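Coordinate-derived values only; no laboratory data. None of the values given here were measured: they were computed from a predicted structure. As a convention, Cβ positions derive from the backbone with ideal geometry for all residues, glycine included, and neighbour counts pool all protein chains shown.
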Amino acid sequence: MKIVFITGSSSGIGKATAIKFAQNSYNLIITGRRKNMLDELAAKLIKKYKIDILSINLDVRDKQAVEKAIKTLPEKWKKINILINNAGLAVGLNPIQDGIIDDWERMIDTNIKGLLYVSRNIMPIMIENGFGHIINIGSIAGKETYPKGNVYCATKHAVDSLTKAMRIDLLEYGIKVTQIAPGAVETEFSIIRFKGDKKAADNVYKKFTPLKGEDIAEVIYFVTTLPQHVNINDLLIMPTAQASSMHINKD
Ligand code: NDP
Ligand code: 8X3
């Protein structure tokens with residue numbers, strides 16, 4: 001059975017992706033900080049799909065913890081076929097001149113440095129194994145910069161660039177690298193961005209039909225089903241009602 005390693009599997013896109021791969025008989029390494037939610041998900045999926053799941057309490061910002069978690073994986077779990085770098089967040093929505101530096105650091109540490117720490121530890125394993133597919137979750141925010149998006153947009157532009165860099169440097173090893181860049185997906189994303197203000201978060205998705213985590217999971221799974229000689233480099237996925245960061249057709 002194949003193995004998929006997913007960062008940020010406790011909610012939203014990561015959780016929907018874990019379910020999608022479980023339905024397709026993959027064994028899963030699910031990670032995140034809310035271990036109780038990972039364990040609850042693991043118990044359900046193991047029972048329903050008779051797969052193996054390793055659930056790891058992991059903050060991707062913690063360089064040592066990331067290294068230790070991956071280095072100490074049992075041998076059978078090191079045969080990782082797919083890495084999904086999904087853990088990420090936006091915190092705050094302020095003009096850059098009023099930005100909160102702690103918020104900037106949380107985004108940079110998670111979305112850029114966390115993705116790098118995890119990848120740095122898993123890429124040599126994939127090279128050693130002789131196979132692998134890395135899928136980075138970017139964003140429309142990595143393609144366009146919108147008002148007050150400043151540092152979040154910069155982190156997702158970095159993901160866009162790092163995805164290209166990985167594809168070039170890993171080329172000789174036959175490791176696939178894909179970026180999936182969604183527009184508006186209704187998850188916990190806006191609750192985190194607005195620091196728990198559910199009303200502000202709900203407003204983001206009012207009067208149009210946003211994407212769901214499951215929509216992105218379908219596409220992530222699809223790109224992993226193509227023959228070895230076919231790679232999807234980059235996919236921008238939007239709700240039909242959204243044309244750009246700034247253009248949403250609301251009722
Ligand atoms: P959610 O907030 O629902 O999920 C985010 C996931 O990331 C959670 O599982 C969370 O787990 C995990 N996470 C956050 N910080 C850390 C950390 N330091 N270490 C480990 N895990 C962490 O949002 P989404 O599902 O929407 O977000 C997933 C990805 O999709 C992000 O990279 C986001 O930028 C991107 N994206 C989202 C879009 C949207 O509109 N929703 C659009 C485009 C891209 P836990 O809290 O348990 O650690
Ligand atoms: C999340 C989508 O438009 O809020 O990456 O940046 S957006």
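If you rank K15, K68 by fewest surrounding Cβ atoms within 10 Å, what's the result? Write down the numbers at each step before the final one.
On the way: K15 24, K68 13.
Placing the least packed residue first, the sequence is K68, K15.
How long is the gain from A165 to Q228 if the chain were fully straight, where each residue apart is worth 0.36 nm and the alpha carbon distance is subtracted? Show your work: numbers first, answer last.
Values: separation 63, 0.36 × 63 = 22.68 nm, distance 1.99 nm.
Length difference between fully extended and current span is 20.7 nm.
For a quick check: with amide H placed at 1.01 Å from N, whose amide H comes under 5 Å from I134's, ignoring anything fewer than 5 positions away on the same chain?
The answer is L83, K176, V177, T178.
Looking at the chain, what % of its DSSP beta bridges pair antiparallel, to the nearest 5? List each step's numbers first, then the result.
Values: 2 of 31 bridges.
For the chain, the DSSP antiparallel bridge percentage is about 5.
Starting from the amide H of I237, placed 1.01 Å from N in the peptide plane, find each other amide H under 5 Å away whose residue is 5 or more places distant or on another chain.
Distant-sequence amide H within range of I237: A181, G183.
Label-point separation (nm) for K148 and R33, each offset 7 Å from Cα along Cα-to-Cβ?
Each label point is offset 7 Å from its Cα along the Cβ direction, giving 2.3 nm.
I need the phi-derived Karplus couplings for the range 202-211: 6.51 cos²θ - 1.76 cosθ + 1.60, θ = phi - 60°, integer Hz, Gly and Pro marked x.
4, 4, 4, 9, 7, 6, 7, 9, x, 6
Step through the residues of the range 53-69 one at a time and calculate ³J(HN,Hα) from phi using the Karplus curve (6.51 cos²θ - 1.76 cosθ + 1.60, θ = phi - 60°), rounding each to whole Hz and writing x for Gly and Pro.
Those phi angles translate into 9, 10, 10, 10, 6, 9, 9, 5, 7, 8, 3, 5, 5, 5, 4, 5, 4 Hz.
Quick check: net charge around D102, other residues with Cβ under 14 Å of its Cβ, Lys/Arg +1 and Asp/Glu -1? Intermediate results must be reported in sequence, preceding the final value.
Values: positive: R61, R106, K195; negative: D98, D103, E105, D109.
Once positives and negatives cancel, what remains is -1.
Give the separation of the Cα centroids, the range 24-90 to the range 174-251, in Å.
That distance is 22 Å.
Evaluate Rg over Rh across the range 3-248, taking Cα atoms for both radii and Kirkwood's formula for Rh.
Details: Rg = 17.2 Å, Rh = 18.2 Å.
Reported Rg/Rh, Kirkwood definition of Rh: 0.95.
Per residue of the chain, what 222 nm ellipticity follows from adding -39500 (n - 2.57) for every DSSP H run with n ≥ 4, rounded to the nearest 500? Numbers along the way, then the final one.
On the way: 9 runs with 101 residues, N = 251.
Mean residue ellipticity at 222 nm (helix-derived): -12500 deg cm²/dmol.
Please list 3J(HN,Hα) in residue order for the range 193-198, calculated via the Karplus relation 6.51 cos²θ - 1.76 cosθ + 1.60 where θ = phi - 60°; whole Hz, with x for glycine and proline.
3J(HN,Hα) across the range 193-198, in whole Hz: 4, 9, 6, x, 7, 5.
Using Cα-Cα distances under 8 Å and only pairs 6 or more residues apart, what relative contact order does the range 3-248 have, in percent? Before the final figure, lay out the partial values.
Working: 457 pairs, mean separation 50.2, N = 246.
The value is 20 percent.
Output the peptides 81-87, 229-235 sorted from most to least packed, where packing is the average of other Cβ atoms within 10 Å over each peptide's residues.
Details: 81-87: 24.9, 229-235: 13.1.
Put in order of decreasing packing, that is 81-87, 229-235.
Could you calculate the FRET efficiency of I100 with M1 from 1/(1 + (r/R0)^6), where r is the beta carbon distance between them and R0 is 45 Å, rounded to 0.05? Kindly include the intermediate steps, with their values, before the conclusion.
Numbers: r = 44 Å, r/R0 = 0.99.
Once rounded, the FRET efficiency stands at 0.50.
Take the Cα atoms of the range 112-155, find their three principal axes, and give me the spread along each one in whole Å, biggest first.
44, 16, 8
Cross-link candidates for K206: which lysines have Cα within less than 21 Å, leaving aside residues fewer than 8 places away along the same chain?
K148, K195, K198, K250
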